[in-house]
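A.B. asks: Structure provided below as structure tokens; questions to follow.
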Amino acid sequence: MTVSTAFAKARADDRAALVGYLPAGFPDVAGGIDALRAMVDAGCDVIEVGLPYSDPVMDGPTIQAAAQQALDRGIRTTDVLRTVEAVAATGTPTVIMTYWNPVEHYGGGRRNGRSGVERFAADLASAGGAGLITPDLTPDSAPEWIAAADRHDLDKIFLVAPSSTDERIAMTTAACRGFVYATAVMGVTGARATTSDLAGPLVARTRATTDLPVGVGLGVSNGDQAATVASYADGVIVGSAFVRALLDHPDDRAAGLRALSALTADLADGVRRG
Amino acid sequence: MTTRVEATTSYDADENGWFGGPEAGWGGRFMPEALVAALDELTVAWHEAMADPSFVAEFDAILREYAGLPSPLYHAERLSQLVGARILLKREDLNHTGAHKIRNVLGQALLTRRMGKTRVIAETGAGQHGVASATAAAYFGLDCTVYMGTVDTRRQALNVARMHLLGATVVPVDSGSATLKDAINEALRDWVASVDHTAYLFGTAAGPHPFPSMVRDFTRGIGDEARRQCLDRYGVLPDAIAACVGGGSNAIGLFTAFLDDPGVAIFGFEPGGEGVDTPRHAATIHAGDRGVLHGARTFVLQDEDGQTIESHSISAGLDYPGVGPQHAHLATTGRATYLPVTDAEAMDAMALLSRTEGIIPAIESAHAVAGALDVARRLAAERGPDATILINLSGRGDKDMGTAIEYFGLGNPDDVTEEPVG
Ligand SMILES: Cc1ncc(COP(=O)(O)O)c(C=O)c1O
């Protein structure tokens with residue numbers, strides 16, 4: 001299934017899609033695959049696999065902690081691709097969320113006339129990955145990625161923000177494929193007690209420029225918040241809350257997976273209530 | 001005037017911040033969409049300010065009356081005798097707060113006030129940029145928060161105290177390697193959430209467009225002044241100029257005025273740490289490769305997967321795994337030459353300058369002195385004693401006395417050989 005069919009299927013059911021994020025390699029590569037599969041089993045429609053990076057400027061403390069743990073254990077980009085392959089094999093569309101430099105410098109960057117970007121796109125496609133979410137790459141800086149994604153039939157998911165001008169939103173959505181990622185708050189990733197009142201107007205401004213589905217992320221941590229967001233968005237994106245469920249059970253993986261499944265079920269119920 | 005923006009150079013970025021154009025691809029803006037509006041706003045405000053004579057005049061007056069500029073160009077005669085060439089030192093060590101950094105923060109803080117923002121944030125490694133930012137914030141009556149890695153807050157407790165005394169909030173950063181690059185990450189995280197009322201005073205000529213070019217405009221007075229001082233005094237331009245390169249602000253501040261003087265050789269000295277053949281250095285241009293860090297494409301110390309490698313230098317102000325993108329452009333076009341200087345070579349130069357000239361340089365600046373002396377010896381051999389090399393002495397060494405005490409084993413009461421008197 002592709003990302004757009006997953007969104008279309010949710011829309012046909014008259015509900016929002018649930019998009020779940022975890023960084024690869026957390027708590028370790030095998031444990032991360034188990035966790036992502038548990039999220040698929042419990043109702044995630046689309047999976048985002050985070051590529052842990054040494055300088056994650058858009059992430060709050062929760063995701064930083066998990067990514068750092070993966071890096072401390074020596075996770076490699078090839079492990080992230082292996083994770084994608086294992087999750088995509090379930091049939092659930094799986095994208096990578098990554099800062100830009102690990103893509104540009106994949107396998108040491110340009111080698112034998114092939115850029116890191118081109119080789120990354122080829123390897124992501126052959127792992128069954130559906131595309132990339134690029135939080136620190138905007139379309140105006142992305143000609144190389146856009147060309148590689150088009151060659152390999154990959155989704156390009158760029159972000160829009162409450163501070164984006166209407167012109168930039170139009171420019172961004174014109175470059176997206178799969179869905180558009182709307183960051184609902186001005187701030188880094190992390191669970192928040194209340195959902196943002198900036199999100200609704202941002203989704204409306206985004207919809208005015210595109211027919212692509214619009215997913216809203218940053219801050220959702222329970223079914224009630226998911227229901228609120230689902231009332232105006234096509235997708236509800238959840239990250240830190242899933243990470244938190246695992247971080248809260250550092251010494252008991254089975255308990256962590258149970259918490260993850262319960263949270264997924266609550267959120268999946270939320271997107272059906274919205 | 002110390003700060004008038006004279007002509008632009010043949011090495012400027014295009015309007016999107018690409019040095020060498022999009023084909024060369026140095027610089028640019030690799031940033032979250034959430035910050036793009038603020039960076040665009042800043043770009044417009046900076047262009048307008050630089051074109052506004054009243055802004056330029058006010059900046060100039062503040063530099064003169066508050067920061068003590070223009071700094072002298074000093075002929076270091078004893079050092080010149082030692083190497084057989086004329087050594088000129090641009091005395092940025094005499095500036096208020098002790099380094100070239102005051103130029104950049106006063107420029108950015110003046111711009112902040114013009115933009116109507118009320119709060120500034122900054123990152124700092126050694127604490128010099130943090131102290132300068134806290135100073136500028138006090139001067140303009142702005143709130144100030146400085147992010148600093150916990151490794152550095154321990155190494156540089158004195159500068160933490162100075163920032164506190166100046167009224168700034170210092171936030172220790174424990175993530176990642178808990179040093180300068182992580183302080184930048186944390187400042188960017190703050191900025192994403194506070195951008196409507198907060199300006200980010202970036203500490204060097206790196207980061208996303210417009211910072212590399214804007215910081216250059218605020219620091220280029222170093223070279224504009226030095227070029228004029230040299231011409232006035234000697235009637236010729238120097239044969240070579242030299243600066244240390246961390247992120248690259250003092251270096252680009254010196255270089256800019258000379259970029260289109262083809263007869264002037266330009267040298268940047270990078271922190272070679274324990275040696276560029278060891279993993280412990282921060283010689284980004286010499287030993288790094290093309291990548292994206294903190295919003296710009298430049299040379300980066302990184303592994304095969306594009307993860308940033310922790311840098312090392314005895315000088316905290318040079319301890320950064322990236323470098324300003326204009327330096328990447330100057331290096332790849334061959335306009336400037338970048339060479340590593342080890343910790344030991346820099347410390348030797350610190351001692352040498354202290355004893356021959358009575359000037360204790362910052363360890364950062366001692367890298368420039370060490371590298372420049374080698375160049376001076378070569379120039380002297382080629383051109384004789386009139387060969388002239390101009391070195392940017394970017395800061396003074398007071399902040400580095402802790403390191404010097406440890407490195408040289410100074411100040412141990414048991415080492416005092418003289419009998420007490422009186
Ligand atoms: C005296 C001095 N020189 C040089 C530097 C390095 O910075 P840059 O390369 O931006 O000039 C610092 C940074 O703290 C400094 O304090």
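A.B. asks: Please state which of the following conditions residue B:156 fails to meet, knowing it meets all the rest: (1) within 15 Å of the ligand (Cβ to nearest atom); (2) modelled with pLDDT of 95 or more.
C.D. replies: So the condition that residue B:156 fails would be (2).
A.B. asks: Next up: Search the stretch B:265-293 for residues being in a loop (DSSP other than H, G, I, E, B) and touching an Asp or Glu at 6+ places or on another chain (Cβ under 7 Å), and hand back the single one that is nearest to the ligand (Cβ to nearest atom).
C.D. replies: First, the residues of the stretch B:265-293 that are in a loop (DSSP other than H, G, I, E, B): B:274-283, B:288.
In the following step, the residues that additionally are touching an Asp or Glu at 6+ places or on another chain (Cβ under 7 Å) were identified as B:274, B:280-283.
Details: B:274: 19, B:280: 18, B:281: 15, B:282: 11, B:283: 13 Å.
This residue is B:282.
A.B. asks: Here's a check for you: in the stretch A:118-132, which residue that is buried (at least 24 other Cβ atoms within 10 Å of the Cβ) and out of contact with any Lys or Arg (no Cβ under 9 Å at 6 or more places or on another chain) is nearest to the other protein chains (Cβ to nearest Cβ)?
C.D. replies: At the first step, the residues of the stretch A:118-132 found to be buried (at least 24 other Cβ atoms within 10 Å of the Cβ) are A:120-121, A:124, A:129-132.
Subsequent filtering for residues that are out of contact with any Lys or Arg (no Cβ under 9 Å at 6 or more places or on another chain) retains A:120, A:124, A:129-130.
Details: A:120: 10, A:124: 14, A:129: 17, A:130: 21 Å.
Residue satisfying both the conditions and the ranking: A:120.
A.B. asks: Which condition from (1) over 22 Å from the mean Cα position of the chain (by Cα); (2) modelled with pLDDT under 95 is the one that residue B:41 breaks?
C.D. replies: (2)
A.B. asks: Only one of these conditions is not met by residue B:181: (1) within 14 Å of chain A (Cβ to nearest Cβ); (2) more than 15 Å from the ligand (Cβ to nearest atom). Which number is it?
C.D. replies: Every condition holds for residue B:181 apart from (2).
A.B. asks: In addition: Regarding residue B:348, is this residue over 30 Å from residue B:14 (Cβ atoms), of a type in the set (Asp, Glu) and buried (at least 21 other Cβ atoms within 10 Å of the Cβ)?
C.D. replies: no
A.B. asks: Using beta carbons and a limit of 8 Å, which pairs, at least six apart or on different chains, have the first residue in the stretch B:86-108 and within 15 Å of residue B:251 (Cβ to Cβ) and the second one part of a helix (DSSP H, G or I) and of a type in the set (Val, Ile, Thr)?
C.D. replies: Pairs found: B:90/B:222; B:92/B:222; B:100/B:219; B:100/B:222; B:103/B:219; B:103/B:222; B:104/B:215; B:104/B:219.
A.B. asks: While we're here: For residue B:314, all conditions in the list (1) assigned to a loop (DSSP other than H, G, I, E, B); (2) open to solvent by 10 Å² or more (accessible area, probe 1.4 Å); (3) within 11 Å of another protein chain (Cβ to nearest Cβ) hold save one; what is the number of the exception?
C.D. replies: Here residue B:314 clears every test but (3).
Yes/no per residue for (1) at pLDDT 95 or above; (2) in a helix (DSSP H, G or I); (3) open to solvent by 20 Å² or more (accessible area, probe 1.4 Å); (4) in contact with a strand residue (DSSP E or B) (Cβ under 6 Å, 6 or more places away or on another chain):
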site	(1), (2), (3), (4)
B:353	yes, yes, no, yes
B:356	yes, yes, yes, no
B:359	yes, no, no, no
B:365	yes, yes, no, yes
B:368	yes, yes, no, yes
B:373	yes, yes, no, no
B:377	yes, yes, yes, no
B:386	no, no, yes, no
B:391	yes, no, no, yes
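A.B. asks: So, residue A:67, is that one more than 14 Å from chain B (Cβ to nearest Cβ), farther than 18 Å from residue A:131 by Cα and in a helix (DSSP H, G or I) or not?
C.D. replies: Details: more than 14 Å from chain B (Cβ to nearest Cβ): no; farther than 18 Å from residue A:131 by Cα: yes; in a helix (DSSP H, G or I): yes.
No.
A.B. asks: Only residues that are more than 9 Å from every other protein chain (Cβ to nearest Cβ) and surrounded by fewer than 22 Cβ atoms within 10 Å (Cβ to Cβ): list them for the stretch B:26-45, please.
C.D. replies: Once the filter is applied, which keeps residues that are more than 9 Å from every other protein chain (Cβ to nearest Cβ) and surrounded by fewer than 22 Cβ atoms within 10 Å (Cβ to Cβ), the stretch B:26-45 yields B:39, B:41, B:43, B:44, B:45.
Here's the yes/no breakdown for (1) over 16 Å from residue B:206 (Cα atoms); (2) open to solvent by 30 Å² or more (accessible area, probe 1.4 Å); (3) of a type outside the set (Gly, Ala, Ser); (4) away from chain A (no Cβ under 14 Å):
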site: B:271; (1), (2), (3), (4): yes, no, yes, yes
site: B:280; (1), (2), (3), (4): yes, yes, yes, yes
site: B:290; (1), (2), (3), (4): no, yes, yes, no
site: B:303; (1), (2), (3), (4): yes, yes, yes, no
site: B:329; (1), (2), (3), (4): no, no, yes, yes
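A.B. asks: For the stretch A:83-113, which positions are open to solvent by less than 10 Å² (accessible area, probe 1.4 Å), more than 14 Å from chain B (Cβ to nearest Cβ) and of a type outside the set (A, V, I, L, M, F, W, C)?
C.D. replies: Matches in the stretch A:83-113: A:83, A:93, A:94.
A.B. asks: Residue B:151 passes all but one of (1) within 16 Å of the ligand (Cβ to nearest atom); (2) over 20 Å from the mean Cα position of the chain (by Cα); (3) surrounded by 23 or more Cβ atoms within 10 Å (Cβ to Cβ); which number fails?
C.D. replies: Only one criterion is unmet by residue B:151, namely (3).
A.B. asks: Here's another thing I want to ask about it. I'm checking my understanding of the structure. Among residues of the stretch A:1-28 that are open to solvent by 30 Å² or more (accessible area, probe 1.4 Å) and among the hydrophobic types (A, V, I, L, M, F, W, C), which one is farthest from the chain's Cα centre (by Cα)?
C.D. replies: A:12
A.B. asks: Oh, and also: Out of the stretch B:218-259, which residues are in contact with a strand residue (DSSP E or B) (Cβ under 8 Å, 6 or more places away or on another chain) and aromatic (Phe, Trp, Tyr)?
C.D. replies: Correct list: B:234, B:255, B:258.
A.B. asks: Return yes or no: is residue A:102 at pLDDT 95 or above and not in a loop (DSSP other than H, G, I, E, B)?
C.D. replies: Numbers: at pLDDT 95 or above: yes; not in a loop (DSSP other than H, G, I, E, B): yes.
The answer is yes for residue A:102.
A.B. asks: Sticking with this structure for a sec: Considering the stretch B:251-263 alone, what residues qualify as being open to solvent by less than 10 Å² (accessible area, probe 1.4 Å) and either part of a helix (DSSP H, G or I) or under 20 Å from residue B:315 (Cα atoms) (or both)?
C.D. replies: Narrowing the stretch B:251-263 to residues open to solvent by less than 10 Å² (accessible area, probe 1.4 Å): B:251-256, B:258-259.
Scanning the stretch B:251-263 gives B:251, B:252, B:253, B:254, B:255, B:256, B:258.
The values are calculated or read from the model by the stated rules, or taken from the named source; none is laboratory data. Given the structure is predicted, the values throughout are model-derived calculations rather than measurements. Glycine also receives a Cβ, built like all others from the backbone with ideal geometry; neighbour counts cover every protein chain displayed. With ligands, DNA and RNA removed, areas are computed over all heavy atoms of the protein, side chains included. Shrake-Rupley method; radii C 1.70, N 1.55, O 1.52, S 1.80 Å.
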